[in-house]
1. Being touching a Leu at 6+ places or on another chain (Cβ under 8 Å) and exposed (fewer than 14 other Cβ atoms within 10 Å of the Cβ) is the filter here; which residues of the range 192-201 pass it?
2. Given the options VAL156, VAL188, VAL151, name the one that is over 30 Å from GLU63 (Cβ atoms), out of contact with any Pro (no Cβ under 6 Å at 6 or more places or on another chain) and not charged (D, E, K, R).
3. Give, as residue ranges, the strands (runs of 3 or more DSSP E) completely inside the range 64-147 that count at least 1 residues that are aliphatic (A, V, I, L, M), in the same structural domain as GLU48 (by TED's automatic domain parsing) and touching a Phe, Trp or Tyr at 6+ places or on another chain (Cβ under 9 Å).
4. Six or more apart or on different chains, Cβ under 6 Å: which pairs go from a residue in the range 132-148 that's small (Gly, Ala, Ser) to one that's surrounded by 14 or more Cβ atoms within 10 Å (Cβ to Cβ)? Could you list them?
5. Evaluate the following for SER216: is it modelled with pLDDT under 90, surrounded by 15 or more Cβ atoms within 10 Å (Cβ to Cβ) and of a type in the set (S, T, N, Q)?
6. From the list LEU61, LEU77, pick out the single residue that is modelled with pLDDT of 60 or more and surrounded by 15 or more Cβ atoms within 10 Å (Cβ to Cβ).
7. Please verify whether the range 202-210 includes one or more residues that are surrounded by fewer than 16 Cβ atoms within 10 Å (Cβ to Cβ) and closer than 16 Å to VAL187 by Cβ.
Amino acid sequence: MIMNQHHQDYSLIQRVLELICLLAFIGVITDLFAAETPLMVDAHRLTEEASKFLNQEASGLGEVHVQVNTPEQVADLPRCERIEAFLPPGARAQGKTTVGVRCITPSRWTLFLQAQVQILAPYLVASHPLSAGQNLTPADLMIKMTDINEVPSGVVNTPEALYGNTLVNNVPAGSLIRRQQIKLAYVVQSGQPVRLRLAGQGFQITGEGVALSNASDGQSVQVRTPRGSLVSGIARSGGTVELRL
């Protein structure tokens with residue numbers, strides 16, 4: 001009776017050991033298979049790589065929003081372990097664009113995806129409808145997050161370049177203001193007494209005169225001196241005209 005009990009215990013232990021060995025073997029085979037099998041190619045993986053790349057490329061320009069179109073028929077692509085995204089020649093990470101994704105290893109293939117990159121940055125816009133002839137004040141402007149891809153050339157986006165200047169046409173509320181839409185305020189007017197300044201390395205000469213025309217900051221203006229001579233210079237704020245050697 002005791003011998004039979006020992007035999008049963010031995011058989012049970014043997015079966016447990018065999019089961020443990022079998023499970024360990026299956027685990028090793030599974031690990032090897034997972035290590036040697038490349039990752040499956042799926043649409044989500046491709047769009048994720050492309051989106052991450054475009055976000056990195058556009059970083060620092062503003063608030064970035066990226067949308068990548070989902071590719072079709074990716075099931076036919078060979079499996080891939082390493083995928084990288086890139087911009088084709090001439091493409092930019094702005095607006096409607098094309099982004100490439102390619103397999104580096106073990107297969108070699110390339111796929112191009114359509115994407116939309118929106119970059120929002122703060123711009124000065126009209127806070128209410130503005131009329132031609134109106135002098136701009138801080139109350140006339142506000143900051144609006146604007147897609148830089150929709151900003152035309154010549155837009156003025158600094159308060160100093162807008163305040164005190166006159167609009168030459170109407171501007172709807174929420175609109176950007178371009179340089180050609182404003183008339184710069186005169187810093188020197190015809191008949192105005194002005195201060196002449198000539199500066200060089202280690203010296204500065206000043207004098208007085210009378211402006212012969214209106215001029216905005218940075219514009220050229222002629223000045224008549226007390227002796228009747230005519231000189232030309234660059235109009236500056238505060239009724240100053242800079243002379244050049």
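The values are calculated or read from the model by the stated rules, or taken from the named source; none is laboratory data. Note that the structure is predicted; figures quoted are calculated from it, not measured. Cβ coordinates were reconstructed from backbone atoms using ideal geometry, including for glycine residues, and neighbour counts include every protein chain displayed.
1. GLY200
2. VAL188
3. 82-86, 95-105
4. Here the result reads ALA132/LEU167; ALA132/ASN170, each pair linking the range 132-148 to a residue that is surrounded by 14 or more Cβ atoms within 10 Å (Cβ to Cβ).
5. Yes: the conditions hold for SER216.
6. Of LEU61, LEU77, the one residue that is modelled with pLDDT of 60 or more and surrounded by 15 or more Cβ atoms within 10 Å (Cβ to Cβ) is LEU77.
7. Within the range 202-210, one or more residues are surrounded by fewer than 16 Cβ atoms within 10 Å (Cβ to Cβ) and closer than 16 Å to VAL187 by Cβ.
So that you can scan it fast, the table gives a plain yes or no per residue for (1) surrounded by fewer than 19 Cβ atoms within 10 Å (Cβ to Cβ); (2) more than 30 Å from GLN73 (Cβ to Cβ):
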position	(1), (2)
GLY90	yes, no
VAL101	no, no
LEU111	yes, no
ALA121	yes, yes
ILE148	yes, yes
VAL155	yes, yes
PRO159	yes, yes
SER175	yes, yes
GLN181	no, yes
